[in-house]
Amino acid sequence: MIMESMMKETEWLMFSTSTEMVRLREESIVCITSDGNYSHICAIGGETFIVSSQLGQIEQLIGEQLHSSYGYFVRIGRGLIINMRYLCYINISKHKLYLLDASGRKYVQSASREALIQLKNITEKMSGNGQI
């Protein structure tokens, strides 16, 4: 009973291959970047986990494992997934976005102009609806 209520309060993401496993609360993931056949999972406080899965596979796992809060994770272009909770700044002309985690650590990521325009529009729409 206690374990069931704990699991309902916080949703976990598990990234597992035959040789490794990473298990994190969804709100502790700031962003996920691609590096060929590997993905770098950046957690609050700057801890980074490297898993041998492509970003598309990670995106699919997020969709399968997080039904209620999947909307917080947004794919930006070919190489980045961000947790919208931590998005604080978009600069389209410089092709940059900043994520700021709860510990005050800043994560600077690059993205294409088109991807950032879409992200800005999505963010404004979600903010207007009170979703973020």
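Below are the figures for this structure:
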quantity: Residue tally, condition within 20 Å of residue 55 (Cα to Cα) and either open to solvent by less than 30 Å² (accessible area, probe 1.4 Å) or among the charged types (D, E, K, R) (or both), over the stretch 118-132; calculated: 1
quantity: Test: residue in the stretch 51-59 that is farther than 16 Å from residue 34 by Cα, open to solvent by 20 Å² or more (accessible area, probe 1.4 Å) and small (Gly, Ala, Ser); calculated: no
quantity: Selection status of residue 48, β-branched (Val, Ile, Thr) and touching a Leu at 6+ places or on another chain (Cβ under 6 Å); calculated: no
quantity: Search result, residues across the stretch 16-32 that are modelled with pLDDT of 90 or more and either farther than 17 Å from residue 86 by Cβ or surrounded by 19 or more Cβ atoms within 10 Å (Cβ to Cβ) (or both); calculated: 21, 22, 23, 26, 29, 30, 31, 32
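The values are calculated or read from the model by the stated rules, or taken from the named source; none is laboratory data. This is a predicted model, so every value here is computed, not measured. In this analysis, Cβ positions are derived from the backbone assuming ideal geometry, glycine residues included, and neighbour counts consider all displayed protein chains. For accessibility, only protein heavy atoms count, side chains too; no ligands or nucleic acids. Shrake-Rupley method; radii C 1.70, N 1.55, O 1.52, S 1.80 Å.
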